[in-house]
Amino acid sequence: MIRFITGRLLQGILVLWVLFTLTFFLVKALPYGPFQSEKAMPDHVKAKIIAYYGLDQPVSVQYKRTLKNVLSGDLGLSTRLEGRPVDEVLHQAFPVSLQIGTLAMVLALLIGIPAGVISAARKNSSIDFMLMTGAMIGLCLPSFIIGPVLAETLGRKLLWFPVMGWAAGEYQFLILPVVTLSLGTAAYLARLTRAGMLDTLSQDFVRTARAKGVSGVVILIKHCMRGGLVPAAAFIGPAYAGIISGSVVIETVFQIPGIGRHFIKAIEAADSPMITGIVLLYGSFIVLGNLASDLLNLWLNPRMRNAAS
Amino acid sequence: MTILRCIILTFTTILLVNCQRETQVEKANRDKILLVGNGGEPKALDPHLVTGVIESKIISSLFEGLVGDDAESDSVMRPGAALTWEHNPDFTEWIFHLRPEGKWSDGETVTAHDFVFSYNRMLHPDTAAPYVEMLYFIKNAEEFNRGKVLDFEQVGVKAIDDFTLKFFLKEPVPYLPGVTRHYTWFPVPKHVVLSYGKMTDRFTRWSEPGNMVGNGGFVLSSWRLHDHVKVVKNPFYWDAANVQLNGVTYLPIENFYTETRAYLAGQLHVTYQLPPDLVDKMRAEYPKEIREDPYVGSRFVRCNVTRPGLDQVKVRMALSYAIDRKQLCDTILKGYEAADTYSPDLGDYKPESVLGFDPAKAKQLLAEAGYPDGKGFPRYSLLIGSGGTRATSEALQAMWKDNLNILIDIKALDSGSYITAQQKLDFDLALAGWVGDYLDPTTFLLMWTKGNGNNNTGWSSEAFETMLDEAAHNQDAAQRLRIFEKAEKLLMDEQPIIPFAWQAKTYLLSPSVKGWPPLLLDNHPWTAVRLEK
């Protein structure tokens, strides 16, 4: 098991290095550079600023320098936010994305898994039909529709919740963005869980258990849950990594100071240190999320456990 | 069932708690805190490092220039950090007498030496201040900034004594007091800046909350990226007794629909901009809260005159006559005014109206240029950036198709590529605009000189530049404006840019905000704003 985890972590480091290198050169290949503004600045001033950030040096020198700095934990200064250290920005924005993302994930699990299990247990009943229609709607409606609709109705018209803002994480401000962010994931989880459960429910051992007179609830929870959740479990890790990496749509619609908008803004402004910093953060979480998913699957699925050992 | 009951109970509690809560605006009215939608995240708050309007809104609460903004009128020059000022007969030397009671927010006295230090810092090549050109009015300022003059003593700004500041300008600038209201001319505290690093260090901790010291009506108290910038009343401000607000909270809301929703839900006192498609609805539903103020901005189509076809004046005029500006402003750019020349209203400056909608003439000009009924006209594209310009570009595209029978493509790029393409003259036509920094035609005209970083058309004219030069050296204020009017007429006769609309500031303002009359530059002095319940 330890060998498995170590192997995966080493693989992860390699992935991150490739990711870093690709990102670095892709940003350099952008058709525009940093320090663009609607009002042009004199060329000699721009040259000075470029030199200040060391962007006048050959790309290979910049690459080596940046890699060295990143390895020593220094992500550099943002070029868009005039000299602000990237890690300071991430330090401010990441806890916000983490909080919203975690709450959304928990909510998605609380909605998605029971909905999937109930649907599978009552296959082809009206409740199954209702839940799966709901899940289909949740999957089809993008958050840039759900967000404004919720904000407009529950926020502006009924004044139940603030329509935007963060207010240092006060709960009223969290509800609408968290609900919006969770719905898509919940819908997907519900469908995955239903499929996984149905698959398990059709197995021979279930029929044997039924024949032996084991009650439906016991079969469902004790015998089928573990196997039925395998597809959902494989999805949870990457989904969680994605959800906490920030959602530009949610952050824009609800004015949340998370990571997502920094990412988009940094790309628009060719802010290389910021882009690299966020990609590495995203990357690390996806690597860790996948690892967590795999470990969860090992626990759920004995066949995989044997293969891993 | 128990779970269901618990859920219902929790929700009901949340709803009851929320229903009883007063809105944020009601609470802010009690606390005298103004909640302002500010359009986006400021890049920095050090006045020497920024170029934008968003930053200027915040900086103007933290610092005060020699001349202050008047709450009622843009053309009134109210004493700011300076009490009085005078100039020599040809407007090339100006003396500002600072108010002796002027204090920094840490209680230190604001002196003329602080101003000299600020201009030294801004102009020093190592500071690399992006908006440094605003100081080029000062003698030898540009030379010092470009490293051609090494001794700052030779730059035309001197502290005669602690409270007397003298400027020697490179040419007559009768409108200098208005220029000093721009944040590039604001002082920064020498003692504070130097306590966090060298004068020319671009980024030190001096401009962070808790460290930043200014001479404006407010002090920076908190800044969270993409969340808020908060300023609180500065007790050391010379006019603190008359400042009614206890603070201002700036919210960097980029999505104007979110911002409008926040206003309507009682989370904001004033919005930055109303989305054009909501203007009609707000006019009908909130007639007392919608504001449509004239603004010193012009929107135009920038032509790359190095492209075949577009190098002909007749073609550019044809494109211009084919635009129905009134229809454009009535249907898409709601609140904007159809432009009949390039510069918007600037007081006494009245250039001749030359733009108009005349499809027949447009067709004829295009035929004369060698493209009868649009035949043989190159398939050019209209470059647009991100943001709400697509509808405008589609309307222009349709007008050119209908009236000239030419097909212009629309090329949408992200903002970085959009700007770069224009700077490299790698475009045919581009949708663009310009917002003035002060109320003088120079802020609109100087950019069309040869090699200016904001020209980006490939167009230049010796006659035009001679006129600008002549006006610059004219000491008669009225005559000077007449020469600029002629220069603008020349620009419009050649139309390297095809103006179509003058901007307006369309936004929502809470009835509880007082002291906010329409201002062309939209610089509402925060020290004069009041909140009434």
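The values are calculated or read from the model by the stated rules, or taken from the named source; none is laboratory data. Nothing here was measured: the structure is a model prediction, and the numbers come from that model. Here the Cβ positions follow ideal geometry from the backbone for every residue, glycine too, while neighbour counts run over all protein chains shown. Just the protein is used for accessible areas: all its heavy atoms, side chains included, with ligands, DNA and RNA removed. Shrake-Rupley method; radii C 1.70, N 1.55, O 1.52, S 1.80 Å.
Being open to solvent by 10 Å² or more (accessible area, probe 1.4 Å), within 14 Å of chain A (Cβ to nearest Cβ) and not hydroxyl-bearing (S, T, Y) is a description that applies to B:V53.
The residue pairs whose first member lies in the stretch A:72-91 and is more than 19 Å from B:E55 (Cα to Cα), whose second member is part of a loop (DSSP other than H, G, I, E, B), and whose beta carbons are closer than 6 Å, counting only pairs six or more residues apart or on different chains, are A:L77/A:G83; A:V86/A:L75; A:V86/A:G76; A:V86/A:S78; A:D87/A:L75.
Taking the condition more than 13 Å from chain A (Cβ to nearest Cβ), in contact (Cβ under 8 Å) with a residue 60 or more places away in the chain and of a type in the set (A, V, I, L, M, F, W, C), does B:L439 pass? Before you say what the answer is, go through the steps one by one.
Values: more than 13 Å from chain A (Cβ to nearest Cβ): yes; in contact (Cβ under 8 Å) with a residue 60 or more places away in the chain: yes; of a type in the set (A, V, I, L, M, F, W, C): yes.
In short, yes.
For the stretch B:111-121, state whether one or more residues are in contact with a strand residue (DSSP E or B) (Cβ under 9 Å, 6 or more places away or on another chain), more than 24 Å from B:T442 (Cα to Cα) and not in a helix (DSSP H, G or I). Yes: one or more hits. Per this entry, B:E532 is counted among residues that are open to solvent by 40 Å² or more (accessible area, probe 1.4 Å) and either among the hydroxyl-bearing types (S, T, Y) or touching a strand residue (DSSP E or B) at 6+ places or on another chain (Cβ under 6 Å) (or both). Test B:K489 against the stated conditions and say whether it is of a type in the set (K, R), assigned by TED's automatic domain parsing to the domain that holds B:R302 and touching an Asp or Glu at 6+ places or on another chain (Cβ under 9 Å). So B:K489 passes the test.
Tell me, which helices (runs of 4 or more DSSP H) lie completely within the stretch A:215-309 with 3 or more residues that are open to solvent by 20 Å² or more (accessible area, probe 1.4 Å) and more than 19 Å from A:T193 (Cα to Cα)?
Working: elements: A:225-228, A:230-244, A:248-254, A:259-268, A:272-300, A:302-308.
Where helices (runs of 4 or more DSSP H) fall fully within the stretch A:215-309 and carry at least 3 residues being open to solvent by 20 Å² or more (accessible area, probe 1.4 Å) and more than 19 Å from A:T193 (Cα to Cα), they are A:248-254, A:259-268, A:272-300, A:302-308.
In the condition set (1) farther than 28 Å from B:N29 by Cα; (2) of a type in the set (D, E, K, R); (3) modelled with pLDDT of 95 or more, B:E285 is compliant with all but (1).
Looking at (1) surrounded by fewer than 21 Cβ atoms within 10 Å (Cβ to Cβ); (2) part of a loop (DSSP other than H, G, I, E, B); (3) in contact (Cβ under 8 Å) with a residue 24 or more places away in the chain, can you tell me which one B:A478 breaks? Here B:A478 meets the rest and fails (2). Restricting attention to the stretch A:37-85, the residues that are away from chain B (no Cβ under 13 Å) and among the hydroxyl-bearing types (S, T, Y) total 4.
Within the stretch B:173-212, how many residues turn out to be touching a His at 6+ places or on another chain (Cβ under 8 Å), of a type outside the set (S, T, Y) and crowded, with 20+ Cβ neighbours inside 10 Å? Within the stretch B:173-212, residues that are touching a His at 6+ places or on another chain (Cβ under 8 Å), of a type outside the set (S, T, Y) and crowded, with 20+ Cβ neighbours inside 10 Å number 3. Residues in the stretch B:122-156 that are closer than 13 Å to B:H48 by Cβ and part of a loop (DSSP other than H, G, I, E, B): 5 in all. Number of residues in the stretch B:289-303 that are touching a Gly at 6+ places or on another chain (Cβ under 7 Å) and either open to solvent by 10 Å² or more (accessible area, probe 1.4 Å) or not in a strand (DSSP E or B) (or both) equals 2. The residue that is least open to solvent (accessible area, probe 1.4 Å), counting only those in the stretch B:304-315 that are assigned to a loop (DSSP other than H, G, I, E, B) and of a type in the set (V, I, T), is B:V305.
Summed over the stretch B:375-399, residues that are more than 15 Å from B:A501 (Cβ to Cβ) and among the hydroxyl-bearing types (S, T, Y) total 3. Kindly indicate whether any position in the stretch B:316-330 is open to solvent by 20 Å² or more (accessible area, probe 1.4 Å) and in contact with a strand residue (DSSP E or B) (Cβ under 7 Å, 6 or more places away or on another chain). Yes, the stretch B:316-330 contains at least one residue that is open to solvent by 20 Å² or more (accessible area, probe 1.4 Å) and in contact with a strand residue (DSSP E or B) (Cβ under 7 Å, 6 or more places away or on another chain). In the set (1) open to solvent by 20 Å² or more (accessible area, probe 1.4 Å); (2) within 24 Å of the chain's Cα centre (by Cα), the condition left unmet by A:A93 is number (1). When A:R3 is tested against (1) in a helix (DSSP H, G or I); (2) touching a helix residue (DSSP H, G or I) at 6+ places or on another chain (Cβ under 8 Å); (3) open to solvent by 70 Å² or more (accessible area, probe 1.4 Å), just one condition goes unmet, and that condition is (2). For the stretch B:230-271, a residue qualifies if it is out of contact with any Asp or Glu (no Cβ under 9 Å at 6 or more places or on another chain), within 14 Å of chain A (Cβ to nearest Cβ) and in a strand (DSSP E or B), and the qualifying residues are B:K230, B:T249, B:Y250.
Restricted to the stretch B:123-160, and to residues that are open to solvent by 20 Å² or more (accessible area, probe 1.4 Å) and among the polar types (S, T, N, Q), which residue is farthest from the other protein chains (Cβ to nearest Cβ)? The selected residue is B:Q154. Could we say that B:D277 is open to solvent by less than 20 Å² (accessible area, probe 1.4 Å) and among the charged types (D, E, K, R) here? So B:D277 does not fit the description; no.
Hey, among the residues in the stretch B:103-122 that are small (G, A, S) and surrounded by 22 or more Cβ atoms within 10 Å (Cβ to Cβ), which one's nearest to the other protein chains (Cβ to nearest Cβ)?
So the first thing to find is which residues in the stretch B:103-122 are small (G, A, S), and the list is B:105, B:107, B:112, B:118.
Those left that are additionally surrounded by 22 or more Cβ atoms within 10 Å (Cβ to Cβ): B:105, B:112, B:118.
On the way: B:S105: 22, B:A112: 26, B:S118: 17 Å.
Looking at residues that are small (G, A, S) and surrounded by 22 or more Cβ atoms within 10 Å (Cβ to Cβ), I get B:S118.
If you go through the stretch A:100-133 and keep only what is more than 21 Å from A:S202 (Cα to Cα) and open to solvent by 40 Å² or more (accessible area, probe 1.4 Å), you end up with A:T102, A:L103, A:V106, A:L107, A:L109, A:L110, A:I111, A:M130, A:T133.
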